[in-house]
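Structure, as structure tokens:
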Amino acid sequence: MSANTQHTLVDRDKALVWHPFTQEQTALARLPVVRGNGPWLYDEDNNAYLDLVSSWWVNLFGHARPEIAASIAAQANTLEHVLFAGCTHEPAVQLCEALNQMLPPELGKFFFSDNGSTAVEVALKMAHQYWRNVCSQERRLFIGFHGGYHGDTVGAMSVGAHCGYHDQFRSFFFESVAVPFPETWQDDQDVDAREAAALDALETSLKQHAGQVAAMIVEPLVQGAAGMRMCRPQFIAQAVALARAHDTLVIFDEVMTGFGRTGTRFAFEQTGVVPDFLCVSKGITGGFLPLALTITSDPIYQAFLSDTADKAFSHGHSYTANPLACAAALASLTLLNTAETTKVWQRLTQDHKSGLHMLLQTVPCIERVRQCGTIAAFDLPEDYPSAASQLHQCFLQEGLLLRPIGRTVYLMPPYVVTGEQLHNAYERIAHVLGAQADGARAVAPAMPEISI
Ligand SMILES: *Cc1c(COP(=O)(O)O)cnc(C)c1O
């Protein structure tokens, strides 16, 4: 007799499993997900939930997508894994060739790792060592932005020290500087002034720390974990120009924004600038397996060449360039690079636009309505009566998987969601938000806020 005949999946989980970003004492029951299909997830009782967060921003083309599953299965029967130091294999090389076709010629060197945090760690370490290798400088400082989130490993936390998720670990961080991020939204009147102030602060920091800054790191166009905070492309271009004028390298963390989320394959395409390092992960495998790349330029690569080992990049992970993950990524990129997918981004952009418009009519208290490509977001007012976790539950009851970040509600669906499904989701969201705003005024939000 197996354990699950006596206890539910949720009970068995509760007995043993410690979940990410969760206060286990007050956590609500987990959702027992047994299968997925397209944009839908199904629980044990066969209730369907529309995955409007792409399962933490990783899923692009739907759950259990057959083309990706088949590619992984074929690879598993050929070569499941081999160490990547001293060995190479077809799926890794093919993946770099495919990405090379999609990227500008400046970004032609590919370093593999397993997740967004490690992609960032690699970029930070490469930037630091670059200055040692080329001119024996110990550049220890990084400049980031308020709200910037770059992952949960110590280096990534250090450059994301001002995103609010890592305060318990502050004493471990290496020093970094954060400058304001000029977030903007529909009908924002003050964006020009906010951008000018941010650029001023950036320039002041660059001058103050001249010769010490290894790199500037930024999430281009959309800060994800900070609550889908969006900025204009011209701001990113101006910030990069400033950094370069002050002899500093530039890291774009496109772990979330990559692979079409912002309406172009990569967010940097809209900014007109190419970074020195591009970090990608999350969507790269279509949401099937962990994989990441730190992509850089030939001049950076050249700086690590020498007759001796001390200038080499001494970093790697056991599962670096895992062939199964590469096979998933190749199948996902094939789906990505179709005219159909580009059309879907345009259609989703329109669908969000009309959905947000409808929402503003029905729930006029929502604030800072914003959108970038396939991502839509808005904030609830300070005095809104329900906490994020309560809303999460209400949305689940309506068949929607949404995870508000603090007061921000956002939608980032997989690209397979239809116009009708999304329209329907917006109506349910309006229903939930309207009902919550009307009732429950007396109920203080007792639940912990859901993060990320
Ligand atoms: C999620 C995220 C990371 C961290 O990626 P993990 O795979 O969770 O380690 C880093 N940067 C950005 C912008 C992210 O959204």
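Any read-out appearing in this document is the output of simple, stated calculations on the displayed coordinates, not a laboratory observation. Note that the structure is a prediction, hence the values are computed from the model and not measured. When we count neighbours, we look across all protein chains shown, and the Cβ atoms used for this are built from the backbone with ideal geometry, even at glycine.
General remarks:
- Over 31 Å apart at the Cα level, from the set Lys125/Lys282; Lys14/Lys282; Lys14/Lys353; Lys109/Lys282; Lys282/Lys343; Lys125/Lys343, are Lys14/Lys353; Lys125/Lys343.
- If you plug the beta carbon distance of Thr308 and His81 into 1/(1 + (r/R0)^6) with R0 = 22 Å, you get a FRET efficiency near 0.15.
- Computed from the alpha carbon positions, the gyration tensor of the stretch 90-205 leads to an equivalent ellipsoid with semi-axes of 28, 21, 17 Å, biggest first.
- Peptides ranked, highest mean first, by Cβ atoms within 10 Å: ranges 280-293, 71-84, 392-405: 280-293, 392-405, 71-84
- Its relative contact order, with pairs defined as Cα atoms under 8 Å and 6+ residues apart, puts the stretch 344-412 at 28 percent.
- The distance linking the stretch 161-236 with the stretch 360-388 is 22 Å (Cα centroid to Cα centroid, whole angstrom).
- Sequence-separation-based contact order of the chain, relative, with Cα cut under 8 Å and 6+ spacing, percent: 20
- Straightening the chain between Leu360 and Val93 buys 91.3 nm, computed as 0.36 nm per residue apart minus the Cα-Cα spacing.
- A simple count of charges around Ala210, restricted to other residues whose Cβ falls under 13 Å of its Cβ and scoring Lys, Arg +1 and Asp, Glu -1, yields 0.
- Taking Cβ atoms as reference points and 13 Å as the exclusive limit, the residues near Tyr426 contribute a net charge of -2, counting Lys and Arg as +1 and Asp and Glu as -1.
- When only the Cβ of Lys, Arg, Asp and Glu is charged (+1, +1, -1, -1), the dipole of the stretch 256-393 relative to its Cα centre reaches about 400 debye.
- The chain - share of DSSP beta bridges that are antiparallel (%, nearest 5): 65
- 5 angstrom amide H check on Tyr149, placed H, neighbours 5+ away: Gly224, Ala225, Ala226
- Remark on Leu141: its backbone amide H falls under 5 Å from those of Ala214, a criterion applied only to residues 5 or more positions apart or on other chains, H modelled at 1.01 Å from N.
- Computed [θ] at 222 nm, deg cm²/dmol, the chain (DSSP H ≥ 4; -39,500 (n - 2.57); rounded to nearest 500): -11500 deg cm²/dmol
- Gap separating the Cα centres of the stretch 60-139 and the stretch 276-315, nearest whole Å: 7
- Within the stretch 171-200, the GluC sites (Glu not before Pro) that combine a DSSP coil assignment with at most 16 other C-beta atoms in a 10 angstrom radius are Glu175.
- Cross-link partners for Lys311 among the aspartates and glutamates, with Cα-Cα distance under 18 Å and sequence neighbours closer than 8 places in the same chain left out: Glu121, Glu138, Asp298.
- The stretch 187-330: C-alpha gyration tensor shape, a/c 1.5 cut-off, then a/b vs b/c: oblate
- Put a plus charge on the Cβ of each Lys and Arg, a minus charge on the Cβ of each Asp and Glu, and nothing anywhere else: the dipole of the chain about its Cα centre is then about 220 debye.
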